[in-house]
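Each reported figure results from applying straightforward, stated rules to the coordinates on display, with no laboratory input. Just so you know, these numbers come straight off a predicted model, no measurement behind them. FYI the Cβ positions are ideal-geometry reconstructions off the backbone, even for glycines, and counts take in every protein chain you see.
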Amino acid sequence: ELTVSSWVAPSHPTIFAGYETYFPAVAKASGGDVTFNLVSGGALLGGKETLTGLGDGVADASVLALTYNPAQLPTSQLVAELAMLSGDSLAVAAAVTEFTLLNCAPCVDEFSKQNVVYTGSYATAPYALISKEDVTQTGDVAGKRIRSPGGAWDRWIGEAGATVVHTSSSEMYEALDKGVIDIAMQPAASLKTHSLWDVADTITLGSFGVYNSGPLLAFNKDAWMELSAENRRVLLDEMADAIVATTEAYVAQNEDAKAEAADHGMKVLDKPEALETEIAAFNSQDIASIIEKAQDVYGVENAQALIESYQASLAKWEEITASGLSGEAFAERMKTEIFDKLSENEYGL
Amino acid sequence: MDSITLVYWALGALMILLALRVPVAAALGLVAIVGMYILVGERATWGVLRSVPHAFAAHWSLSAIPMFLFMGYVCFSAGLTDGLFRVARAWLNFLPGGLAISSVGGAALFSSVTGSSVACAAAMGKIAVPAMLDRGYDAKLAVGTIAAAGTMGSLIPPSTILLLYAVFAEVPVSELFIGAVIPGLITALMYALMILMRVKYNPSLAPREMSVDWRERFLALGETWPLFLLVITVFGGIFAGLFSATEAGAIGALAAIAIGFAKRTLSWRALKDAAFETIRSTSAIFLIAVAAALLTRLFAFAGFPDYVQGLIGEDMSPLLIIIAVSLIYLVLGMFLDPIGVMLLTLPVLLPIFETADISLIYAGVMITKYLEIGLITPPVGLNVFVIKNVVADRVSISDVFRGVGWFLLADVVTVAILIAFPATVLWLPSLISG
Amino acid sequence: MQQIDVFLGRLGRLLALAASLCLVVMMFQICLDVGGRYLFGKPMPSTLEIVSDWWMPALIFLPLLNVEWRNENIAVDLFYQGLGPRAQAVLDVIALVCFGVFLALIAYAGFEQAMRAYRQGEFIIGMIPVITWPPRFFLPVAGFLTALLCFVRAVRAVGRAASTKAETSDI
Ligand code: NA
Ligand code: NA
């Protein structure tokens, strides 16, 4: 039995969709050899200390948020800086997973140095601006305080002349209510999950991209090595389904919240034209500053090649979703393109 | 030995260590460490020890506590609180135990601006307890009043605990907040009634005040206007949405320093002492909280959530579930920190509530009330420790626990009312949710 | 023993002074943050991160030595007051050893974690990058010194227990 730690509530898509898919599937495929005991809600490890705690063996597996650990995972969390490139959740999840597992040797090494084995990332629904006042162009956020999860969004906020605030998502409600922040950068789903529609008046949907820095279930390396090769194969084989289930649950939650938003007095601004143009302009010149930041702040070399490799993956998977692939078929595609290329006798050992 | 038996052994060992007068932090911490070592081995235990203490301390959400402590100590050192009991005496002289009752009122007011019970007890403790002791109030009544009244901090909105619950249970915070208002007021009312009755039957508990004319009443007010100004500015700022609790504490402390220097009642030396006392209190209280957080990890490793699930039968009626939950929380609240208890239990309790068709708003308010009671139950009661810490040697810790006893009784009545009449929780939210 | 105690007392006051300064700086920083936000539309950069990762650990851990030196750690005195001097001395030994062991354990674990963070150059990114490894040393430093104080005092309490025994046997 593997102890799984997560600092989020059971109502979070990683748990009710991702783990609910993954745990029974693994138990079944391994013939009951591998089962899981989930300790959720941060009763074991909080977000910030999860990476080191997982490496130390406090838990055998856990969800991660790379943005908490830029010093330990400088290369892997580069994708956070590229979050605004795409709002196609499934394609992003697949691209980040493929990039990290197959095309970024330093990423896998970084995890290994932390005594952790990476096995794939989910992606959230597209981020939006949740605020008291309308936002139709970049100028509207100048001088405002914006809660952001980090990465690319911090740079956009800075460029827009606004201020970044990093509060935890459980403090957003009070922060917005008390005016500690003016805008929460969050998927529309949080209108409902965090009751933000009680304290905000407007939501601006835009091409802000999705959060892509969440390994769905990373393993402690010792625990990973102790498993038999067959069981490691099972863990890898079943991962794609869980990633797709999590990501699709995020998107579904988001659609629900968007549909109900008006009933709660929210004004929904869907991709205001001026803002979209400005975001596109930002994205086109942003790559240069990412490469600079990667070198200066994170100390990552050959950032350009890595970024190009990620962009290639992203383009490939965007084409696949554009062809109408989703759900099980998409997971099957992820499995053949990514997980089948990993050897249970080599990977993570 | 199965893991739950181990937990019971651990709690037994904890009681023995505490009875031997081992510092609370050490008793909690050692029991947690040994328990984890037996249960999950050296590697995982060491992992917990590496990360938990620092991670627990390095948190923005707890930063309001030292700021409000500092504000309280500065107000006290600068003599801003001196006039306070003259005012209470002048205005509440018709009530037996007027100062204690007005402290409950003050704490309720304070609760409506801070989200933390510990911060509430800390700030009120430094202001109100010395005032009552100097006035000749029974020491146990004085300290019990503030330790208990402080528990309204997380019940009366805003409240960190209710916020966390809302996120976990996915219920609207606004409905939860408004649902806790009447239970908060009932709590205050019960405390006040209890004080009133006790003082009526035993007048030696609180000195009766002379009759005062209206001129003197306003005169007394005049003397304390700086404090009132401070309170209005700080709390008004939070109400108006200008700043958060931590920010209010910081601004309040700075303003108190400025007023103290302007009135020439605060010296550099006194300010230095206030700062020293603030950090010493912060350190002593947080070390216990850190150790309690370690014990929570032991409970998590031991699979305590599953055990709780087993305790609550599948075919229990909603009433029985609420009562069973109250007992579980009473026991857990004796030893663990409130937020830890909630993180530990909600994942299993929420589905139970949903199956039994118990309103999640109602359950949230009840759980918060139970967690608050845990802050004053022996042997580990954070609010009791806070009060003990701010009054230093004037009262012993067992006296604080004894003083709290009567208030626990009042809480039993409050909980009975909330269980008998769920409308006390659900009526206000029903008005806003339509 | 006595000299070590006095020395640790001075050191503890110094650490407490450092923590007090952190408290005052924290207060000013938060006030400037609020002031800057409303008056100039420019808050202090990364206030939240600096308060959480620097000032909070400083306030909580640096005063440990001073608190213990003044015997201000919270314990529940159920029977203690009613006991004779020798039994009190025995309980003091137990309490001091327990506290010392607990602190030594979390200090050593914290030290390992701090060294790891130092080697990795741990930082977080907010409005500005904030280095976060140095405050991880607050717990190990104050924790070790406090554990040392506990052990020194435990030894003296053992002496007290032995000497009270001698006195009582004289009578
Ligand atoms: Na409150
Ligand atoms: Na308790």
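Some notes on this structure:
- Of all lysines in the structure, those lying under 18 Å Cα to Cα from A:Lys113, and not within fewer than 8 positions of it along the same chain, are A:Lys48, A:Lys221.
- Neighbourhood charge, 10 Å Cβ-Cβ cut-off, centred on B:Ser154 and excluding it, Lys, Arg +1 and Asp, Glu -1: 0
- Restricting attention to the protein assembly as shown, close to 55% of DSSP beta bridges with both partner residues there are antiparallel.
- Cα-based helix-to-principal-axis angle, C:138-170 vs chain C, degrees rounded to 10: 10
- Cβ-placed point charges (K, R +1; D, E -1), dipole of the protein assembly as shown about Cα centre in debye, nearest 20: 4700
- Exceedance of the 28 Å cut-off in Cα-Cα distance is limited, within the set A:Lys144/B:Lys272; A:Lys132/A:Lys271; B:Lys126/B:Lys263, to A:Lys144/B:Lys272.
- Cβ neighbours within 10 Å from other chains - mean over C:63-70: 4
- For peptides C:124-132, C:17-25, B:146-154, sequence by mean Cβ density within 10 Å, most packed first: B:146-154, C:17-25, C:124-132
- Counting neighbouring beta carbons within 10 Å and listing from fewest to most, the residues B:Glu42, A:Glu81 come out as B:Glu42, A:Glu81.
- Taking B:Leu229, A:Leu51, A:Leu102 and counting other C-beta atoms within 10 Å, the order from fewest to most: B:Leu229, A:Leu102, A:Leu51
- Size check on chain C: the Cα extents along the three principal axes, sorted descending, read 78, 35, 29 Å.
- Put simply, the amide H of C:Phe123, placed in the peptide plane, has neighbours under 5 Å in A:Ala71, C:Thr132, leaving out anything fewer than 5 places away on its chain.
- For chain B, the longest principal axis of the Cα atoms and the long axis of helix B:360-374 meet at an angle of about 70 degrees.
- Centre separation in Å (Cα based) which lies between segment C:8-75 and segment A:282-349: 43
- Our compactness index for segment B:57-168, the C-alpha radius of gyration over the empirical 2.2 N^0.38 Å, is 1.11.
- Nearest 10 degrees, 0 to 90: helix B:338-355 Cα axis against chain B principal axis: 60
- Local charge for C:Arg37 was computed over the other residues whose Cβ lies under 15 Å away, with Lys and Arg +1 and Asp and Glu -1, and equals +2.
- Kirkwood hydrodynamic radius over Cα pairs of segment B:231-280, then Stokes diffusion coefficient at 20 °C and 1.002 mPa s, in µm²/s: 182
- For segment B:108-164: relative contact order, % (alpha-carbon pairs under 8 angstrom, 6 or more apart): 55
- Counting all C-alpha pairs of segment C:74-171, share separated by more than 18 Å (%): 62
- The dipole here belongs to segment B:49-190: it is taken about the Cα centre, uses +1 on the Cβ of Lys and Arg and -1 on the Cβ of Asp and Glu, and is about 300 debye.
- Residues A:Ser326, A:Ser131, arranged from fewest to most other Cβ atoms within 10 angstrom of their Cβ, appear as A:Ser326, A:Ser131.
- A:Ser309 versus B:Ala258: modelled label distance in nm, points set 7 Å from Cα along the beta carbon direction: 5.7
- In the frame of its principal axes, chain A has Cα extents of 56, 42, 40 Å, reported largest first.
- The eigenvalues of the Cα gyration tensor, multiplied by 5 and square-rooted, give the protein assembly as shown an equivalent ellipsoid with semi-axes of 46, 33, 28 Å from largest to smallest.
- Selected from B:Val199, B:Val48, B:Val31 as most flexible by GNM, with chain B as the system and alpha-carbon contacts under 10 Å: B:Val48
- In percent, rounded to a whole number, the relative contact order of chain A is 25, using alpha-carbon pairs under 8 Å and six or more apart.
- Restricting the calculation to Cα atoms, chain B shows an Rg/Rh of 0.97 when the hydrodynamic-style radius is the Kirkwood one.
- Cβ-based charge dipole, segment B:308-434, positive-most Cα from B:Pro351, B:Ile367, B:Val412: B:Val412
- Pair-distance distribution P(r) for segment A:99-252, from all Cα-Cα distances in 10 Å bins starting at 0: 10, 33, 27, 20, 9, 1 percent.
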